[in-house]
Amino acid sequence: MIKKSLLLASLLLTAQTLFAAGSLSTLKYGLTSIDNDDGFDFSKHSFRVDAMFDQGYIIKPRVGLAYVSIDESEAEGGVSGTLQFDVEGVYEVESRYLLTPYLFAGMGYEYVMDSRPNFDSQFFIDGGMGLRYPLPNGINLVTELKALHMLKSNSNQDAEFAFYIGVGIPFGRTVSPQDSDRDGIYDYADMCPNSPFGTQVDLSGCPVKQTSPTIDSDGDTIPDSLDVCPNTPIGVGVNDRGCPVRTAVQAKSFNGAEPTMLGDNIVTSAPVVGEVIGEVVSEVPVKVPAVTIVDSDHDGVKDSLDQCANTPKGFTVNSIGCAVKKNLDVRFEPNSFDVTLASKSAIKAFAKFLKRYPNANVKIVGYTDTSGNRARNRLISEKRAQRVKQLLVGYGVSSSRMRAIGKGDLNPIATNDTAEGREQNRRVEVEIR
């Protein structure tokens, strides 16, 4: 009982460690054939947990831990079970269909519980093949055939064979935009990520030279920090925002007539604009040219508020100008997951954008129209999203930054009653996190 409790604790601890690291983690049940001298005997119950790390390489590393229940009687030698720890490399074969075949090979160590002379702990090399079938929300059904060759030969353990079925679950961090140095610029757009707290920074997150609140460059008594019109000529009256105003003393230039005196009041031959009392002249506002709002990347957020400059066309942005969603202009070959040649340029442009912001994470979402079976549409949409992810990896974007899912015919952006609308609904969207 104590040994089985320790075994369970080891499996749970390993699972927690693997899952926290991210990628595709798989729980499997299987049957193992150990003594194969008289043919295969798949009678030993097996339980396995493993995790495959997708870092964008052709060969993906995988680590796993398995328990094989043997429960031999005392007459047979008394072996209760084995623990197998292995490290493998997985190669996924390119497929045009929903099923993804893969090959794997590696090495490991088998610990035999209650071992006996002809059945002892030792190292092994292994290999095999498997099939992965995607379900909605990133879950996968997995089936696998595995062979182990023991490096130390004895009468009971030249080789072992195992057959597994299981469920693969994607695990990984969902990273929301962060601002580690609290300078108002998200980490993925911050070129100076360690600015001291309170430092004034520019749109790239780098410190800028601060202007003293008492400096008044144009001498109009309004400090530069409050001056909306910073280059007012000397002698021109201004309001509390630093913008020019006119007085009756300046009426000639304002209304084209010389001012004259009438009693204690200043008047002009032309209509006086503003009320004059004694020698105190009320201010007559001058129309100030409208301030042009600059939005260099045309994302709807002016440059002074835009924390993510040069956002490519087509992105939906948030209130500070950072990209959050885009509908990629991607088309697929008929009845296929292959992207058309013309669509690859859009994927390449998006990869270039992602490489500018190496800390941004991406969710790739595939959609279909309502034609055909809904369950199959969901699988097709996920397979297409996976294909876009593969192409982005090929253009230099780390696979660990991306997650691909399919939502089938959900969230249509056009009617499904016309051919044009259905074509628009067959799309791939990307979300920046």
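The values are calculated or read from the model by the stated rules, or taken from the named source; none is laboratory data. Quantities reported herein were computed from a predicted structural model and do not represent experimental measurements. Heads up, the Cβs are rebuilt from the backbone with ideal geometry, glycines too, and the neighbour counts pull from every protein chain shown.
Can we say S43 is among the hydroxyl-bearing types (S, T, Y) and modelled with pLDDT of 75 or more? So that I can check it myself, show each step before the final result.
Values: among the hydroxyl-bearing types (S, T, Y): yes; modelled with pLDDT of 75 or more: yes.
For S43, the condition - among the hydroxyl-bearing types (S, T, Y) and modelled with pLDDT of 75 or more - is met.
List the number of the failed condition for R387; all other conditions in (1) modelled with pLDDT of 85 or more; (2) in contact with a helix residue (DSSP H, G or I) (Cβ under 7 Å, 6 or more places away or on another chain); (3) crowded, with 18+ Cβ neighbours inside 10 Å hold.
It is condition (2) that R387 fails.
Determine whether S400 is over 21 Å from P134 (Cβ atoms) and either among the basic types (K, R) or touching a strand residue (DSSP E or B) at 6+ places or on another chain (Cβ under 9 Å) (or both).
Working: over 21 Å from P134 (Cβ atoms): no; either among the basic types (K, R) or touching a strand residue (DSSP E or B) at 6+ places or on another chain (Cβ under 9 Å) (or both): yes.
No, not satisfied.
Looking only at region 97-128, count how many residues are surrounded by fewer than 18 Cβ atoms within 10 Å (Cβ to Cβ), under 30 Å from R378 (Cβ atoms) and modelled with pLDDT of 95 or more.
Number satisfying all stated conditions: 1.
Which residue is modelled with the lowest pLDDT, if the candidates are limited to region 392-410 and must be surrounded by fewer than 18 Cβ atoms within 10 Å (Cβ to Cβ) and within 11 Å of V362 (Cβ to Cβ)?
If we filter region 392-410 for residues that are surrounded by fewer than 18 Cβ atoms within 10 Å (Cβ to Cβ), which is where we start, we get 394-396, 398, 400, 410.
Among the residues that remain, those that are also within 11 Å of V362 (Cβ to Cβ) are: 398, 400.
Working: S398: 87, S400: 82.
That would be S400.
Can you name the residue in region 109-123 that is touching a residue at least 40 places away in the same chain (Cβ under 8 Å) and part of a strand (DSSP E or B) and, of all such residues, is nearest to A162 (Cα to Cα)?
In this case the residue turns out to be E110.
Could you say which residue among K209, K152 is more than 23 Å from K355 (Cα to Cα) and at pLDDT 70 or above? Break it down stepwise before answering.
Details: K209 fails: at pLDDT 70 or above.
On inspection, the qualifying residue turns out to be K152.
Please specify each residue of region 371-384 satisfying the condition of being among the hydrophobic types (A, V, I, L, M, F, W, C) and either modelled with pLDDT of 85 or more or closer than 19 Å to P101 by Cα (or both).
Of the residues in region 371-384, the ones among the hydrophobic types (A, V, I, L, M, F, W, C) are 375, 379-380.
Correct list: L379, I380.
Can you go through A349, A385, A414, A342 and tell me which one is touching a residue at least 24 places away in the same chain (Cβ under 8 Å) and either in a loop (DSSP other than H, G, I, E, B) or more than 28 Å from I169 (Cα to Cα) (or both)?
Numbers: A385 fails: either in a loop (DSSP other than H, G, I, E, B) or more than 28 Å from I169 (Cα to Cα) (or both); A414 fails: touching a residue at least 24 places away in the same chain (Cβ under 8 Å); A342 fails: touching a residue at least 24 places away in the same chain (Cβ under 8 Å).
Result of the check over A349, A385, A414, A342: A349.
Applying the selection to region 352-382, what residues are under 21 Å from R422 (Cβ atoms), touching a helix residue (DSSP H, G or I) at 6+ places or on another chain (Cβ under 6 Å) and assigned to a loop (DSSP other than H, G, I, E, B)?
The answer is Y367, T368, D369.
Looking only at region 422-433, count how many residues are surrounded by fewer than 16 Cβ atoms within 10 Å (Cβ to Cβ) and in a helix (DSSP H, G or I). I'd like the intermediate steps shown before the answer.
So in region 422-433, the residues surrounded by fewer than 16 Cβ atoms within 10 Å (Cβ to Cβ) come out as 423, 431, 433.
Okay, now just the ones that are also in a helix (DSSP H, G or I), so 423.
So the answer is 1.
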